[in-house]
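So the structure is just underneath, and the comments pick up after that.
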Amino acid sequence: MKRLILAAGAFAVLAGVTSCGNSSSSAVSAEDKAFDDSLTATWGYLSGAQAADMIEKQPGENIDKAAFLRGIQTAMSIDTADQSYIQGLSMGLRMAQQRTYAMKQLGCDVNADKWMAEFKKAFNSDTLPNVQMVGMEFQQLAQRAESRAEERKAAELANSPEALANVAAGQEYVDSLRKADPAVQTSASGLVYKIETVGEGDSITDKDRVYVYYTGKFADGKVFDSTKDRPASFSPRGVVPGFGEGLKMLKKGGKATLYIPGNLGYGPQGQPGAGIGPNQMLIFDVEVVGVNEAPEAKK
């Protein structure tokens, strides 16, 4: 669409130049009319070709060509000498696009008649409304709308068949672990863990930077992430909640296996790029090799 706007803008400049060259006489010569017709036809054909090219290269937008043509026809029929009308139409189109796309993405159904009534109330008010104050109120409502949309999306994902299946599979897995190994424990948050060695020194806190070797895998044993020759470095606050909680149970030299349920991992959205499904349980074998100080390189 930007290319169409640029083309129209370029023509506006051209039109300004040619109009300046016209004589003050109202008479139009046959030669001038022929030239105007030629330019008009070429500009119209070029614009149509650009529009067709745009639609062809952006098939994901699913543009209805007949509706597109109706929009162009309406716009080209407007009396462009009425600049106030043009400005109002331009603003109205921008608001309509926001109503159709941005607001609907937030799950808000904006009633056009109610919107217009409030617009007129503010526009025709005898005293100029406090734009800053109303703007702050709108921003707060927009943030609430965004939060509601995110909550609804999370709930939708959490109740998807795949997410529910992953939760059930994770629960079944840890239940079998507890039966087979009494050393496997569960924290108040639901993190399942087995500590091999606590380590020595001070316990790790959120303020610390730890150096960790780890291997992340699924219940079927498939590895999705691991450190190799060099430990990873991060704060317990910079990882998924279950991993951070497990780290704070350890000290330097500590080793543990963390069985992280989906709600303490990547949640209902998962991590598609890493192949992690919604609410899928993650297993990490962890070794803390440094706290606030990088360990010596392995020889």
Checklist outcome for this item: Within region 40-51, of all residues that are in contact (Cβ under 8 Å) with a residue 24 or more places away in the chain and more than 35 Å from the chain's Cα centre (by Cα), the one nearest to I63 (Cα to Cα) is L46
Checklist entry - Listed residues L264, L247; which is buried (at least 19 other Cβ atoms within 10 Å of the Cβ), in the same structural domain as V198 (by TED's automatic domain parsing) and closer than 14 Å to N292 by Cβ? => result L247
Next on the checklist: Here is a check on your reading of the model: is P182 out of contact with any strand residue (DSSP E or B) (no Cβ under 9 Å at 6 or more places or on another chain) and either surrounded by fewer than 13 Cβ atoms within 10 Å (Cβ to Cβ) or under 14 Å from E287 (Cα atoms) (or both)?
Outcome noted: yes
Checklist entry - Can you find a residue in region 191-201 that is surrounded by 11 or more Cβ atoms within 10 Å (Cβ to Cβ), at negative phi, at pLDDT 95 or above and under 30 Å from the mean Cα position of the chain (by Cα)? => result yes
Checklist entry - Quick check, is R148 touching a residue at least 40 places away in the same chain (Cβ under 8 Å) and part of a helix (DSSP H, G or I)? => result yes
Item to check | Exclusive hit being in the same structural domain as P261 (by TED's automatic domain parsing), surrounded by fewer than 16 Cβ atoms within 10 Å (Cβ to Cβ) and under 17 Å from N263 (Cβ atoms), set A232, A155, A219, A188 | outcome: A188
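Condition check ((1) in contact with a Lys or Arg (Cβ under 9 Å, 6 or more places away or on another chain); (2) modelled with pLDDT under 95; (3) part of a strand (DSSP E or B)) across all residues:
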site	(1), (2), (3)
D220	no, yes, no
F224	yes, yes, yes
G242	no, no, no
E245	no, no, no
A256	yes, no, yes
P278	no, yes, no
D285	yes, no, yes
V288	yes, no, yes
K298	yes, yes, no
Checklist entry - Could you give every pair whose Cβ atoms fall below 6 Å, whose first residue belongs to region 215-229 and is in contact (Cβ under 8 Å) with a residue 12 or more places away in the chain, and whose second residue is surrounded by 11 or more Cβ atoms within 10 Å (Cβ to Cβ) and of a type in the set (D, E), counting only separations of at least 6 or pairs across chains? => result T215/D285; G216/D225
Item to check | region 267-276 - residue that is in a helix (DSSP H, G or I) and not hydrophobic (A, V, I, L, M, F, W, C) and, of those, surrounded by the fewest Cβ atoms within 10 Å (Cβ to Cβ) | outcome: G273
Next on the checklist: Quick check on K194: is it in a strand (DSSP E or B) and of a type in the set (K, R)?
Outcome noted: yes
Checklist outcome for this item: Looking across region 94-137 at residues that are among the β-branched types (V, I, T) and closer than 30 Å to E150 by Cβ, the single one that is surrounded by the most Cβ atoms within 10 Å (Cβ to Cβ) is V110
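The values are calculated or read from the model by the stated rules, or taken from the named source; none is laboratory data. Please read all numbers here as calculations on a predicted model, not as lab measurements. Note that we place each Cβ from the backbone using ideal geometry, even for glycine, and neighbour counts take in every protein chain shown.
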